[in-house]
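Okay, so here's the structure we're looking at.
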Amino acid sequence: MNYDHFLVPPHGNISLRKDYDPGFIGHFHKKSEVAGQLEAGVKQLAAYQDILYAQNTYAVLILFQAMDAAGKDSTIKHVMSGVNPQGCQVSSFKAPSAEELDHDYLWRAMKCLPERGRIGIFNRSYYEETLVVRVHPELLEHQQLPPKFKNKQIWQQRFEQINHFEKYLVENGIVIVKFFLNISKGEQKKRFLERINRPEKNWKFSASDIQERAFWDDYMHCYEEVFNYTSTKWAPWHIIPADHKWYTRLVVADIIDHTLQSLNLTYPTVSQEHRQHLQAAKTVLEQED
Ligand code: ATP
Ligand code: MG
């Protein structure tokens with residue numbers, strides 16, 4: 001499938017509301033039509049991961065951003081369900097600790113970058129520094145930045161810093177795949193009510209969820225700016241419809257598969273010398289009684 005229409009072009013001028021429909025499900029009508037497809041995508045992903053690990057050259061950083069209840073956790077759970085846990089690590093970024101606030105904002109992300117051969121997943125990321133921190137200016141106030149840098153240009157500067165940072169990573173073999181799970185305000189309400197009404201889901205709901213929802217329009221504005229300034233040739237944004245979880249998972253798995261496929265991964269070739277060692281070992285084993 002071709003998912004180019006979910007990509008934000010570099011130097012874009014997209015409008016979330018006009019250009020990206022959270023309820024989009026392609027040419028499908030219902031979940032049962034895609035039965036088996038996600039499983040196939042997950043299996044493919046596991047096969048690529050095995051080669052990625054053996055080759056030990058590239059690392060893959062998969063980053064998720066979204067409003068609450070858009071399905072980040074469950075997408076990660078489903079899409080990564082088949083991969084070898086040794087080759088994959090999930091990092092969740094919450095409000096920074098006192099120690100983290102004593103560093104520059106990329107520091108804590110740097111510490112969690114995947115090693116070569118591994119897949120690293122960021123559940124939220126350094127983009128929060130241009131989202132929640134922008135929507136709530138008091139958070140910036142509490143950051144220990146020199147006052148002369150806390151000016152109107154700070155968001156633009158952060159976009160440029162992030163673009164440079166991501167370019168540096170890509171040029172060092174860390175492939176970046178960025179997803180925004182695009183849920184509608186109506187679907188978020190439905191999922192919040194479900195979390196409130198179903199006892200086994202109560203733990204998922206926090207008072208801050210309803211507070212942040214009140215800032216919906218501000219978040220949408222900040223997200224649009226993020227996409228228009230930080231979708232680059234080397235690390236483009238994908239805006240994924242998120243009102244139907246089965247469609248979200250299918251598309252996310254497919255895009256990750258395509259990305260891995262485009263790396264033309266191969267198992268390391270074995271040297272003549274190593275092959276001779278293998279032969280010698282085989283002879284020894286076969287001679288055992
Ligand atoms: P879920 O609600 O599905 O469990 P979550 O990612 O929303 O997952 P929470 O613990 O509810 O996890 O929220 C994390 C909070 O931390 C979010 O509101 C997010 O905006 C906030 N956060 C993340 N990074 C920063 C940051 N750099 N500065 C301030 N707040 C941040
Ligand atoms: Mg939350």
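The values are calculated or read from the model by the stated rules, or taken from the named source; none is laboratory data. The model shown is predicted, which means the values in this text are computed figures rather than measured ones. With ideal geometry, Cβ positions are generated from the backbone for all residues, glycine too; neighbour counts draw on all protein chains shown. The protein model used for the area step is the full one, side chains on, heavy atoms only, and it has no ligands, DNA or RNA in it. Shrake-Rupley method; radii C 1.70, N 1.55, O 1.52, S 1.80 Å.
In table form, for the structure just shown:
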{"quantity": "Folded to 0 to 90 degrees: helix 37-55 orientation relative to the chain principal axis, Cα", "calculated": "60 degrees"}
{"quantity": "GNM result for the chain, Cα springs below 10 Å: residue of LYS178, LYS31, LYS152 fluctuating most strongly", "calculated": "LYS152"}
{"quantity": "Degrees, to the nearest 10: 185-197 long Cα axis against longest axis of the chain", "calculated": "80 degrees"}
{"quantity": "Among TYR219, TYR267, TYR48: highest mean-square fluctuation, GNM of the chain, C-alpha pairs under 10 Å", "calculated": "TYR267"}
{"quantity": "DSSP bridge pairs, the chain: antiparallel proportion in percent, nearest 5", "calculated": "5 percent"}
{"quantity": "Sequence-distant lysines (8 or more away, or on other chains) whose Cα lies within less than 24 Å of LYS31", "calculated": "LYS43, LYS72, LYS77, LYS185, LYS189, LYS190, LYS201, LYS245"}
{"quantity": "Amide proton proximity set for ILE121, modelled H, under 5 Å, gap of 5+", "calculated": "ILE62, GLN89, VAL90, SER91"}
{"quantity": "Protection-proxy order for peptides 75-86, 240-251, each taking the mean of Cβ atoms within 10 Å per residue, highest first", "calculated": "240-251, 75-86"}
{"quantity": "Accessible area expressed per residue, the stretch 4-287, with surrounding protein chains retained (probe 1.4 Å, Å²)", "calculated": "54 Å²"}
{"quantity": "Amide H contacts under 5 Å for LYS178, placed H, 5+ residues apart", "calculated": "LEU63, HIS238"}
{"quantity": "Proximal charge balance of ASP218 [Cβ under 15 Å; K/R count +1, D/E count -1]", "calculated": "-3"}
{"quantity": "Mean separation of Cα contacts under 8 Å, 6 or more apart, over the residue count of the chain: relative contact order %", "calculated": "35 percent"}
{"quantity": "Computed [θ] at 222 nm, deg cm²/dmol, the chain (DSSP H ≥ 4; -39,500 (n - 2.57); rounded to nearest 500)", "calculated": "-13500 deg cm²/dmol"}
{"quantity": "LEU38, LEU260, reordered so the largest accessible area comes first (probe 1.4 Å)", "calculated": "LEU38, LEU260"}
{"quantity": "Surface share of carbon and sulfur [accessible, 1.4 angstrom probe, percent] for the stretch 209-289", "calculated": "52 percent"}
{"quantity": "Cβ charges +1 (Lys, Arg) and -1 (Asp, Glu), total dipole of the chain, debye", "calculated": "640 debye"}
{"quantity": "Mean separation of Cα contacts under 8 Å (6+ apart) over length of the stretch 35-131, as relative contact order %", "calculated": "44 percent"}
